[in-house]
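Shown next, in structure tokens, is the structure this report addresses.
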Amino acid sequence: MFAAERRQLILEMVRANGAVSLRELARVVQTSEVTVRRDVRALEAEGLLDRRHGGAVLPGGFTRESGFPQKSHLATAEKTAIADVAAGLVEEGEAVVVGAGTTTQELARRLARVPGLTVVTNSLLVAQALAHANRVEVVMTGGTLRGSNYALVGSGAEQSLQGLRVSRAFLSGSGLTAERGLSTSNMLSASVDRALVQAAAEVVVLADHTKLGTDTMFQTVPTDVMTRLVTDEPPPHDDRAATELQALADQGVQITVAGTVAAAGPLDAGMAGRRPRRDAAPLPVQRRGTPGLRSAPAAALLEPPPGDRRVADLRRR
């Protein structure tokens, strides 16, 4: 494929999806990420798109939200890895809330195997994934159906969450930065997500590396409210994504990276040359406004999640 043909295809993918990772672009145009990065740089110079951490977005600073059909085909392997690890955080008999999104839908498929679970959700796709699960109770919010992501939104959804209290909330979004936290492109979705956060004792954000450093219009989960981020391993060349993860960790967010042990390397420069601890127990992390917890030293803690997938835990210094 000639360079002009590659760049035209790249441009069409970004226009159709709003944001696409370099990894996905390289797969579609059947070339290396190095070549795709060069193409993206050339298209950015022409003002046709903007580069972001590990990907490309529509020009203008804030990305627009893609529809479900487009998002369901983006970063599928990464979403699967994230869902595998996130499911390991849920114990039998818990009550959790799960927000709308393609990553949370993957999580729901795995939660179907957790007995005695109660799942509160505003997502039709999450409810569908759990509809035939044995011994899993699904509680749906009210609200108005938003067809682009099959989610219930509006005052009805928010009111149905009043007075609710669960152990954890699992949320995804369109962008994630250390400065603003999790954000989304739709005002109604953002409002319901904030209500879901208020119902939970802990907030777990599920976001693949393509969302790191991306800022969208409406904040849903401020950084100081996030308990944990489950993400995938950024590409080796993506120093900015690693920097964003470190910034989140510095603000007290526990970072869990789904992937290989090598993921621990770029996240904690202080660990260079050290052997990772395989037997370390999770340490408490100092949270803003949460008395009685001590700060944990920064360390890459490797914990075996469900299956054989390994994760790296980064703790705040």
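The values are calculated or read from the model by the stated rules, or taken from the named source; none is laboratory data. Note that the coordinates shown come from a computational prediction; the quantities given were computed from them, not determined experimentally. So basically every Cβ, Gly included, is an ideal-geometry build from the backbone, and we count neighbours across all protein chains shown. Ligands, DNA and RNA are stripped out before the accessible areas are found, and what is left, the full protein with its side chains, is counted by its heavy atoms. Shrake-Rupley method; radii C 1.70, N 1.55, O 1.52, S 1.80 Å.
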Inset, instruction - Please determine, by comparing only the residues of region 201-215 that are open to solvent by 10 Å² or more (accessible area, probe 1.4 Å), of a type outside the set (Val, Ile, Thr) and out of contact with any Phe, Trp or Tyr (no Cβ under 7 Å at 6 or more places or on another chain), which one is modelled with the lowest pLDDT. - result: GLY213
Legend entry - From the options THR31, THR35, residue that is within 19 Å of HIS237 (Cβ to Cβ) and either in contact with a Pro (Cβ under 6 Å, 6 or more places away or on another chain) or at pLDDT 90 or above (or both): THR35
Inset, instruction - Tell me, please, whether a residue that is in contact with a helix residue (DSSP H, G or I) (Cβ under 8 Å, 6 or more places away or on another chain), surrounded by fewer than 17 Cβ atoms within 10 Å (Cβ to Cβ) and modelled with pLDDT under 90 can be found in region 75-86. - result: no
Legend entry - Residue check, LEU145 open to solvent by 30 Å² or more (accessible area, probe 1.4 Å), modelled with pLDDT under 95, in contact with a helix residue (DSSP H, G or I) (Cβ under 8 Å, 6 or more places away or on another chain) and not charged (D, E, K, R): yes
Legend entry - Unmet requirement for GLN162, which otherwise passes all of (1) open to solvent by less than 40 Å² (accessible area, probe 1.4 Å); (2) out of contact with any strand residue (DSSP E or B) (no Cβ under 8 Å at 6 or more places or on another chain): (1)
Legend entry - Members of region 168-179 found to be over 14 Å from the mean Cα position of the chain (by Cα) and surrounded by 16 or more Cβ atoms within 10 Å (Cβ to Cβ), listed by number: ARG168
Inset, instruction - Answer yes if at least one residue in region 220-235 is open to solvent by 30 Å² or more (accessible area, probe 1.4 Å), farther than 24 Å from TYR150 by Cβ, assigned to a strand (DSSP E or B) and among the aliphatic types (A, V, I, L, M), and no otherwise. - result: no
Legend entry - Residue under evaluation GLY173, criteria (1) assigned to a loop (DSSP other than H, G, I, E, B); (2) farther than 19 Å from ILE82 by Cα; (3) not polar (S, T, N, Q), criterion not met: (2)
Legend entry - Yes/no for LEU245 being touching a strand residue (DSSP E or B) at 6+ places or on another chain (Cβ under 7 Å), at pLDDT 85 or above, within 30 Å of LEU58 (Cα to Cα) and not charged (D, E, K, R): yes
Inset, instruction - Starting from region 45-60, keep only residues that are closer than 20 Å to THR231 by Cα and in a loop (DSSP other than H, G, I, E, B), then list their pairs with residues that are modelled with pLDDT under 80 and open to solvent by 50 Å² or more (accessible area, probe 1.4 Å) whose Cβ atoms are within a distance under 7 Å, requiring at least 6 positions of separation or different chains. - result: HIS53/ARG240
Legend entry - Positions within region 191-200 being within 16 Å of GLY156 (Cβ to Cβ), assigned to a helix (DSSP H, G or I) and open to solvent by less than 40 Å² (accessible area, probe 1.4 Å), in sequence order: SER191, VAL192, ASP193, ALA195, LEU196
Legend entry - Flag for ALA108 being in contact with a strand residue (DSSP E or B) (Cβ under 9 Å, 6 or more places away or on another chain) and open to solvent by 10 Å² or more (accessible area, probe 1.4 Å): no
